[in-house]
1. Which pairs have Cβ atoms under 6 Å, sit 6 or more apart or on different chains, and link a residue in segment 93-122 that is closer than 17 Å to VAL139 by Cα to one that is open to solvent by 40 Å² or more (accessible area, probe 1.4 Å) and of a type in the set (D, E, K, R)?
2. Go through segment 243-294 and give me each residue that's assigned to a loop (DSSP other than H, G, I, E, B), in contact (Cβ under 8 Å) with a residue 12 or more places away in the chain and of a type in the set (Gly, Ala, Ser).
3. Just for segment 110-125: of the residues that are charged (D, E, K, R) and surrounded by 20 or more Cβ atoms within 10 Å (Cβ to Cβ), which one is farthest from THR195 (Cα to Cα)?
4. Suppose we keep only residues that are in contact with a Ser or Thr (Cβ under 8 Å, 6 or more places away or on another chain) and either within 30 Å of ASP320 (Cβ to Cβ) or not assigned by TED's automatic domain parsing to the domain that holds CYS215 (or both) within segment 126-149. Which one would you say is most open to solvent (accessible area, probe 1.4 Å)?
5. Looking at PRO189, PRO282, PRO287, which is the one that is surrounded by 22 or more Cβ atoms within 10 Å (Cβ to Cβ), near the ligand (Cβ under 9 Å from one of its atoms) and under 23 Å from the mean Cα position of the chain (by Cα)?
6. Hey, among the residues in segment 364-376 that are at pLDDT 95 or above and open to solvent by 10 Å² or more (accessible area, probe 1.4 Å), which one's nearest to HIS292 (Cα to Cα)?
7. Residue check: is SER391 assigned to a loop (DSSP other than H, G, I, E, B) and either in the same structural domain as THR192 (by TED's automatic domain parsing) or without any contact (Cβ under 8 Å) to a residue 12 or more places away in the chain (or both)?
8. Of all the residues that make up segment 394-422, how many are more than 20 Å from ALA340 (Cβ to Cβ) and either of a type in the set (Gly, Ala, Ser) or touching a residue at least 40 places away in the same chain (Cβ under 8 Å) (or both)?
Amino acid sequence: MTLPAERRAPVGGVVPADNSGVRDRLVQRIRDRTARIGIVGLGYVGLPTAVAYAEAGFTVVGVDTDANRCAAVTRGDSYIEDVIAADLRRAREKDRLTAVTSLATAGDLDVIDICVHTPLGETREPDISAIRAAAEALVPGQRPGQLVVLTSTSYPGTTEEVLRPILERSGLVIGRDVFVAFAPERIDPGNTRFTLRTTPKIVGGVDPTSTEIACLALATIVDTVVPVSDATTAEMVKVLENTFRMVNIGFANEVAMICRRLGVDVWEVIESAATKPYGFMPFYPGPGVGGHCIPVDPSYLQWKMRNLEYRTRFIDLGDDVNRGMPDYVVQRATDVLNDAGKSLRGSRILLIGVAYKPNIGDVRESPALHVAAKLRSKGAEVRYVDPHVDSLVLHHGGRLSRADLSPTELGASDLVVITTQHDDIDWGMVRQHAALVLDTRGVRGGRGRAGWHTL
Ligand code: SAJ
């Protein structure tokens with residue numbers, strides 16, 4: 001809908017006086033739970049958010065271009081490990097949650113939360129096409145009195161430079177007719193201690209009224225909202241959180257290579273340093289950095305800074321070290337086999353744990369996939385064991401054979417490479433039956449045993 005000329009903001013002019021009638025009505029609809037909530041993107045962030053708003057008493061419409069996801073929501077079948085099927089079914093039974101494949105069929109919405117994926121492109125540049133598509137799909141249904149929250153992680157400036165101009169195409173005035181904020185996701189897959197509700201939520205509006213209304217809406221689903229000055233600040237908070245982790249993981253990986261040269265156990269060194277009750281935060285080495293956040297979010301900041309002609313040296317270095325870890329693991333595997341009088345080529349190698357982190361089945365950006373591909377490219381026969389991953393296709397094609405952990409499988413392997421330390425792996429069986437192990441995760445009870453090697 002486009003407003004008549006007299007209601008449109010003067011181009012480049014000062015925003016007209018506050019239209020508090022619009023604001024007050026939206027605030028009231030949020031307070032009395034009559035606001036209709038649209039969640040765009042029903043992935044590991046959107047689906048829990050949709051269920052949370054439904055549990056808070058709102059009518060929620062989930063929007064996802066994946067018809068299978070929408071059908072699963074309609075059936076009450078959860079496809080996200082952290083979303084309990086019973087909660088989803090309860091939302092459906094109370095007729096508080098529906099799912100459609102397009103905003104065009106979502107009906108009138110008061111609050112829209114954009115939770116779409118923001119991956120990296122082929123050359124590791126930000127791919128915010130899903131944010132753009134969601135914003136453009138919003139414009140036809142825009143009207144005074146709507147709140148648009150961007151939840152998807154993106155580079156600082158996305159809300160102001162990309163989302164806001166698209167929403168202004170309707171002629172509505174941001175901050176007077178439509179309210180816009182950035183409120184990053186802090187969902188940690190598999191974390192049962194810090195949930196959507198118990199993790200403080202950063203909220204930054206494009207103006208104070210937008211911040212106020214976004215805080216009001218989000219306070220219905222999280223215990224603590226943390227308002228910040230503006231959307232760009234909120235975006236920077238998010239990328240700082242994950243870049244902090246990535247850089248420190250990179251440093252831990254470099255410490256592993258230092259300890260290798262010193263002949264000391266890097267996990268013993270880090271665990272001992274962690275006994276310092278202040279001024280130290282442990283990070284641990286591994287085969288690389290996987291997942292949808294840590295390897296991706298810093299690249300968004302690197303890209304933005306390149307455009308502002310600033311070279312992010314720490315971030316670049318941490319990223320380089322982490323992305324080099326699969327090669328380092330393959331070199332360690334080659335050395336361990338060599339010391340046992342075997343060549344990598346022709347060896348039968350069993351990877352234990354291919355998910356990107358323990359106790360989940362997500363393999364996105366998992367370093368284990370890079371390790372497997374590199375081992376295969378050097379002529380090794382690679383199989384994997386992972387109770388959370390039923391099948392595995394490597395990046396450049398090729399399915400990896402899945403095995404069940406057994407004394408036979410372990411005994412038939414020339415080398416076992418531990419890439420993810422799931423709790424439900426029988427590590428005692430591994431210790432008893434694996435003759436040669438390369439442990440990239442510092443599994444307890446293994447280090448120091450004959451034939452058990454680490455990074
Ligand atoms: N990793 C290491 N060494 C470490 C920690 C992690 O090699 O010391 C590796 C993991 O194996 C994994 C990758 O880094 O491959 C990412 O691990 P992660 O623990 O950061 O797990 P994520 O990607 O699920 O991160 C999420 C993030 N949550 C959000 O972005 C909302 C992150 O902000 C959280 O801090 C993190 O969970 C957490 O604390 O568990």
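The values are calculated or read from the model by the stated rules, or taken from the named source; none is laboratory data. Just so it is clear, the structure is predicted and the values come from calculations on it, not from any experiment. As a convention, Cβ positions derive from the backbone with ideal geometry for all residues, glycine included, and neighbour counts pool all protein chains shown. The area values use the complete protein model at the heavy-atom level, side chains included, leaving out ligands, DNA and RNA. Shrake-Rupley method; radii C 1.70, N 1.55, O 1.52, S 1.80 Å.
1. Cβ pairs passing all conditions: LEU109/ARG36; ASP110/ARG29; ASP110/ARG36.
2. If the condition is that a residue be assigned to a loop (DSSP other than H, G, I, E, B), in contact (Cβ under 8 Å) with a residue 12 or more places away in the chain and of a type in the set (Gly, Ala, Ser), then GLY286, GLY288, GLY290, GLY291 are the ones that fit.
3. Among those that are charged (D, E, K, R) and surrounded by 20 or more Cβ atoms within 10 Å (Cβ to Cβ), it is ASP110.
4. ASP127
5. PRO287
6. Filtering segment 364-376 for residues that are at pLDDT 95 or above and open to solvent by 10 Å² or more (accessible area, probe 1.4 Å), the one nearest to HIS292 (Cα to Cα) comes out as HIS370.
7. So SER391 passes the test.
8. Here the count works out to 10.
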